[in-house]
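Enquirer: Questions regarding the structure given below will be posed in turn.
The values are calculated or read from the model by the stated rules, or taken from the named source; none is laboratory data. The shown structure was predicted, so the numbers you read here are calculated from the model rather than taken from an experiment. Note that each Cβ is placed from the backbone with ideal geometry, even for glycine, and that neighbours are counted across all protein chains shown.
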Amino acid sequence: MVGWTDPEGSRPSFGSLLLAYYDPQGRLVYAGRTGVGIDNRELGRLWGRLQPYATPDMPLDVPPPSTSRFGSPLVLSRVHWVRPELVAEVKYLTWTDENLLRQVV
């Protein structure tokens, strides 16, 4: 995990978790975001867990794309970065042509 987005509507704590992976060259690359299937209690727990890792600097070596074919593009002004020390295990449908995870849960 490399960060989270601000919550929207009635959702508490955060909107999405931002995901990344290390490529074969050792660069940290943005992989997409997820937030589906996380209930309010778990949102609060994860938000508290992320706080000690918060950093003002984007930890990615390869930043997120400014456009996306699927969903809305990531708005960097609404992102809160964390040091990439926590790992999330996720399931996903496929990788897109832009090397982003698709339908992540």
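Enquirer: What residue, among those in the stretch 79-97 that are touching a Ser or Thr at 6+ places or on another chain (Cβ under 7 Å) and under 16 Å from THR34 (Cβ atoms), is modelled with the highest pLDDT?
Expert: Looking only at the stretch 79-97, we keep the residues that are touching a Ser or Thr at 6+ places or on another chain (Cβ under 7 Å), and these are 79, 81-83, 90.
If we keep only those that are under 16 Å from THR34 (Cβ atoms) too, we end up with 79, 82, 90.
Working: VAL79: 88, VAL82: 96, VAL90: 74.
Once the filter is applied, the top-ranked residue is VAL82.
Enquirer: Output the qualifying pairs, or none if there are none: Cβ atoms under 7 angstrom, residues six or more apart or on different chains, first residue in the stretch 55-66 and over 12 Å from TRP81 (Cα atoms), second residue at pLDDT 95 or above and assigned to a loop (DSSP other than H, G, I, E, B).
Expert: These pairs meet every condition: ASP61/ARG27; VAL62/ARG27.
Enquirer: Still on this structure, I have one more. Of all residues in the stretch 20-46, which are exposed (fewer than 11 other Cβ atoms within 10 Å of the Cβ) and either without any contact (Cβ under 8 Å) to a residue 40 or more places away in the chain or in a helix (DSSP H, G or I) (or both)? Show your work before the answer.
Expert: Start the filter on the stretch 20-46 by keeping residues that are exposed (fewer than 11 other Cβ atoms within 10 Å of the Cβ), which leaves 24-26, 36-37, 39, 41.
Matches in the stretch 20-46: PRO24, GLN25, GLY26, ASP39, ARG41.
Enquirer: Continuing with this model, one more query. Has the stretch 56-76 got any residue that is touching a Ser or Thr at 6+ places or on another chain (Cβ under 8 Å), of a type in the set (A, V, I, L, M, F, W, C) and modelled with pLDDT of 80 or more?
Expert: There is no residue in the stretch 56-76 that is touching a Ser or Thr at 6+ places or on another chain (Cβ under 8 Å), of a type in the set (A, V, I, L, M, F, W, C) and modelled with pLDDT of 80 or more.
Enquirer: Another question about this same structure. Go through the stretch 1-19 and give me each residue that's surrounded by 20 or more Cβ atoms within 10 Å (Cβ to Cβ) and without any contact (Cβ under 8 Å) to a residue 60 or more places away in the chain.
Expert: Once the filter is applied, which keeps residues that are surrounded by 20 or more Cβ atoms within 10 Å (Cβ to Cβ) and without any contact (Cβ under 8 Å) to a residue 60 or more places away in the chain, the stretch 1-19 yields only SER16.
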